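Worksheet: one structure, shown below.
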Amino acid sequence: MVEGHSVHRIAVQHTRRLVGRRFRATSPNGRFAEGARLIDGRTFSRIEAIGKNLFAFFSAVGTPDVVMHVHFGMSGRWSVADAARAKPTTPTTRLTLEGDGIVSHLSAMTVDHGGVDFFETKRAALGHDPLRADADAEALWAKVSGSTKSIGSLLMDQSAFAGVGNIYRCEILNVARVHPEVKGNQLTRAQFDAIWAASVRLMEWGFTLGSIVTVSPEEAAAVGKPTLRRWLYNSARCGRCDGPVRSWQIQSRTCYACARCQPLDGAVAVPVDAAAPALFNSHCASESLEERLAQPQKLRVAELRAALEAAGLPAGGKKAELVARLDAHHQAGGATIRSARAAAADKAAVNESRAVEHIAEDEDFDDGAPEWVELPGGFEVPGGEEEDDALLQAAILDSLATPAKAKEAATDSRRKTKRAPATEKPKKRGKKGARAA
């Protein structure tokens, strides 16, 4: 699900690129034909984000505004590009805007339209958005403290906390040290304040970084895990205390909590279905191969097979069998390292010049270019036998691109790396009240 921080980023970007211009509007798949006809030729006057919802206003002199409401759902997208670089439409493209050398395509679960009254009705049904200057924490406290719902449910209730999704729900409560099963009317004011403060802080980070990151670099360094991005979502152990994480369903969504960091008192029962979480490779909260190597359950089948083949082990069977086989191999002391070609490809994929770190190794064999190679007998990964093998492998890697990029780059790891322009450091946001959207 597209969470609120991402929706706010789109509002800001489209304020920069689209607002103030007039466009030709069409509906390529016909599912927004009437709305496209009404906004065709009008000025895109403003765009507003509230929670997971976008409201785009189109104006014309002497007539009421037409308001387009967008809810992206699980995988919507609203692109904008120079006309010469615009991608073609797809069967899911509901709206295309063209004009001033710009082409914009919109695909979303919900795209509907109405007037200003339509907007006001939608707005009234939504709760308090941690990223908006007009959020009213006092009104939200009144709603939460009078509810018999669990705080885990309330955080996902868009009429209460607008914009919070499942990943943020789990991370916010861990940061605030509150268990998801505590009911709204059982919360102390101090607990609520901690939850609201965490909501604002974590979602502001997501807005700035463009990714759900809930652990600051300083916090990650303090717990000895410099690459840690989230405390417990989709993890078996808590990133803060290393205690076991438990998961269960709250309104058909998997919730995670750490019993050490988020203890329950006697007034609240532990969910009967709470258990060790079934880990998976999350597309919403993506992790690098380096991070997932520490928990083989998160590896894709192709990655598991590659690791097993590198270790000289059978690579056939279902995923559960592959995970068990790789776990057993690690526990038996088997160790693998990144191959020379794959390591070079990793650096090329992140545009790191060989001048940054001189690499003496070089190889080129007709052997299928494996990404991982088994250490010969008598060699060990530095660091000691007690540490987890996968974590030791991760410590060796200076930088690791995504598996897809690494595989593509590995076919020509000797190519000269071109230095890309330095990534611009994100500018500090001004006060929320000054935001255009």
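Hey, can you tell me all the residues within the range 63-92 that are within 19 Å of ARG37 (Cβ to Cβ) and within 24 Å of the chain's Cα centre (by Cα)? HIS69, VAL70, listed by residue number.
Quick one: in the range 221-232, which of the residues that are touching a residue at least 12 places away in the same chain (Cβ under 8 Å) and either of a type outside the set (D, E, K, R) or out of contact with any Ser or Thr (no Cβ under 6 Å at 6 or more places or on another chain) (or both) is surrounded by the most Cβ atoms within 10 Å (Cβ to Cβ)? Restricting to residues being touching a residue at least 12 places away in the same chain (Cβ under 8 Å) and either of a type outside the set (D, E, K, R) or out of contact with any Ser or Thr (no Cβ under 6 Å at 6 or more places or on another chain) (or both), the top hit is LEU232. Any residue that is at pLDDT 95 or above, within 22 Å of the chain's Cα centre (by Cα) and on the phi > 0 side of the Ramachandran plot - is there at least one of those in the range 155-173? Yes, that holds for at least one residue. Figure legend. Inter-residue proximity from the range 48-64: first residues assigned by TED's automatic domain parsing to the domain that holds LEU106, second residues hydroxyl-bearing (Ser, Thr, Tyr) and at pLDDT below 95, beta-carbon distance below 9 Å, spacing 6+ or different chains. Indicated pairs: LYS52/SER6. For the range 19-27, does any single residue satisfy the condition of being closer than 28 Å to ILE167 by Cα and not small (Gly, Ala, Ser)? Within the range 19-27, not a single residue is closer than 28 Å to ILE167 by Cα and not small (Gly, Ala, Ser).
Within the range 233-253, restricting attention to residues that are over 14 Å from PRO263 (Cα atoms) and of a type in the set (A, V, I, L, M), the residue that is surrounded by the fewest Cβ atoms within 10 Å (Cβ to Cβ) is ALA236.
Here the range 76-88 is the region considered, the condition is being without any contact (Cβ under 8 Å) to a residue 24 or more places away in the chain and surrounded by 13 or more Cβ atoms within 10 Å (Cβ to Cβ), and the residue that is nearest to LEU126 (Cα to Cα) is ALA81.
Residues of the range 147-183 that are in contact with a helix residue (DSSP H, G or I) (Cβ under 8 Å, 6 or more places away or on another chain), surrounded by 20 or more Cβ atoms within 10 Å (Cβ to Cβ) and not in a loop (DSSP other than H, G, I, E, B): SER150, ILE151, GLY152, LEU154, PHE161, TYR168, ARG169, GLU171, ILE172, LEU173, VAL175, ALA176.
The values are calculated or read from the model by the stated rules, or taken from the named source; none is laboratory data. The model shown is predicted, which means the values in this text are computed figures rather than measured ones. Heads up, the Cβs are rebuilt from the backbone with ideal geometry, glycines too, and the neighbour counts pull from every protein chain shown.
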